[in-house]
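Report on the following structure.
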Amino acid sequence: MHSNHLLLEEPIRMASILEPSKASFFPAMTKIVGTLGPKSRSVEVISGCLKAGMSVARFDFSWGNPEYHQETLENLKAAIKSTKKLCAVMLDTVGPELQVVNKSEKAISLQADGVVVLTPDQEKEASSELLPINFDGLSKAVKKGDTIFIGQYLFTGSETTSVWLEVSEVKGDDVVCVIKNSATLAGSLFTLHGSQIRIELPTLSDKDKEVISTWGVQNKIDFLSLSYTRHAEDVRHAREFLSKLGDLSQTQIFAKIENVEGLNHFDEILQEADGIILSRGNLGIDLPPEKVFLFQKAALYKCNMAGKPAVVTRVVDSMTDNLRPTRAEATDVANAVLDGTDAILLGAETLRGLYPIETISTVGRICSEAEKVFNQDLYFKKTVKYVGEPMTHLESIASSAVRAAIKVKASVIICFTSSGRAARLIAKYRPTMPVLSVVIPRLKTNQLKWSFSGAFEARQSLIVRGLFPMLADPRHPAESTSATNESVLKVALDHGKASGIIKSHDRVVVCQKVGDASVVKIIELED
């Protein structure tokens, strides 16, 4: 399988382009985050999404109430049980999102060159002349000539469903705008985004805190997606809040970079956060179009070198209504993979799109083709150089395991881990073969009751490219005698065989702790 890995540096043979894509147990090494909503909340559809390759389910709290999301989550649990596919849960906060309130839910038509007033008076009815918003500080934040975008959910850039306004004057609390394009806004809620405008609202709103401490705690969420992260302080504040909520002290925080302010503090945010979500919808409004690709490449490189998962959004918008993506979108997904993204996040495409399952499997197939031509050799050298010497003990073991696996053309790397760190470090070097991370549960107690850790760690690797977790039997201690290690290894190998990634005579690289030492060994399977 690996001998015919093409690299983009050499001309790609036309024959390989015309070969049909092969199906495999893992649709792709790149992970897919699907947003569950009206069109994707039945057990049947969620099961289809899991089989198609979704490994993280995102719950977006900028719409819908906790009861609605709880029902969806119960369906997800049922789907996980029936498909036997692991799936992590991500809670997406609202943050300082500005919204237009349209109580009557009637469609609102706006004509180019007309005038519309944005008012903080939410009692008023939304119309073509007046749009009530949920924030009373807009008049103080904007000035004449500023750009404001309004659209349903996030802006697809489709000129008929989102409108581009220019501030002409500020009257008391109201903001008077000139309409730049004709559009029809439909639905009860549209997002408002001021281009490069500073909004004085907390990143974690009171509403967010309430949802996290009730719904989040009850469901032991794996990831918190922190919308509109602008400073490292935002992440620290969120972490402090989570640390007081029992189980949620283990929840990973993914900083969502959505505006220029977050961009300016990217390096500090990356240091604090567990991962990054590049929200290209909003960023595309804050940045000139010609700068968007540069930001994506720079940000993904920084995440890769830090060994922290990076997630890219807004890739196949047109699949919200169509069965196939556009050529540009298909290329965009592949380029995100070649740039080094860990996961692709689908929003409207699965939330209210007509083809959630087909979208996930199409994106998975594109990712899988791009992975075949990902220049691992170049990437490996770059990463080793970036890490520098002397390497830490773990880093040197991880990079050695990947190098060995590539040299012997191993079909899989198996890593025993209890915190998940070793497995994530191996994945950081982007091996061409899957990494099976066998998470060994640890027994812990708070004097009142005993519990096993491990489930969080296993699910949290579901967003890391190339990492596929399995939870070992808690009766096997992590650092133990060779006998128990052998039996856990046998379980892992059997799992690999059953899923078709390991065949007889294959070579497998195993990374594990024996006593105080970490060991990398190569085993060749018999018949």
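Across the range 280-297, rounded Karplus estimates of 3J(HN,Hα) from the backbone phi angles (6.51 cos²θ - 1.76 cosθ + 1.60, θ = phi - 60°) give 6, x, 6, 4, x, 8, 6, 9, x, x, 6, 9, 4, 5, 5, 4, 4, 5 Hz, Gly and Pro being marked x. The 3J(HN,Hα) values that the Karplus relation (6.51, -1.76, 1.60; θ = phi - 60°) gives for the range 42-56 are, in residue order, 7, 4, 4, 5, 4, 4, x, 5, 5, 5, 6, x, 6, 10, 9 Hz. Gly and Pro appear as x.
Measure off, as a whole percent, the carbon and sulfur share of the 1.4 Å-probe accessible area of the chain, all protein chains present. Heavy-atom surface of the chain belonging to carbon and sulfur, 1.4 Å probe: 54 percent.
Dividing the radius of gyration of the alpha carbons in the range 279-397 by their Kirkwood radius gives 1.03 for Rg/Rh. A simple packing score, the average count of other Cβ atoms within 10 Å per residue, orders the peptides 357-369, 403-415, 173-185, 72-84 as 357-369, 403-415, 173-185, 72-84, with the highest score first. Using the alpha carbons alone, the radius of gyration of the range 66-219 stands to its Kirkwood radius in an Rg to Rh ratio of 1.06.
Dipole check for the chain: with +1 at the C-beta of Lys and Arg, -1 at the C-beta of Asp and Glu, and the Cα centre as origin, the magnitude is about 1880 Debye. A convex hull fitted around the alpha carbon atoms of the range 180-296 yields 130 Å³ per residue. By DSSP, the beta bridges lying fully in the chain are antiparallel in about 45 percent of cases.
Straight-line reach from residue 124: taking Cα to Cα under 21 Å and skipping same-chain neighbours fewer than 8 places apart, the lysines in range are 103, 106, 140, 171.
When every Cα-Cα distance of the range 352-415 is counted in 10 angstrom steps from zero, the calculated P(r) takes the values 17, 34, 26, 17, 7, 0 percent. P(r) tail for the chain: Cα pairs beyond 34 Å make up 39% of the total. Over all projection directions, the Cα-based convex hull of the range 201-256 averages an area of 3.4 nm².
The label point for residue 82 and the one for residue 107, both projected 7 Å from the Cα toward the Cβ, are 3.5 nm apart.
The values are calculated or read from the model by the stated rules, or taken from the named source; none is laboratory data. Keep in mind the model is a prediction, meaning the values are calculated, not measured. We place every Cβ from the backbone using ideal geometry, glycine too, and count neighbours over all the protein chains shown. With ligands, DNA and RNA removed, areas are computed over all heavy atoms of the protein, side chains included. Shrake-Rupley method; radii C 1.70, N 1.55, O 1.52, S 1.80 Å.
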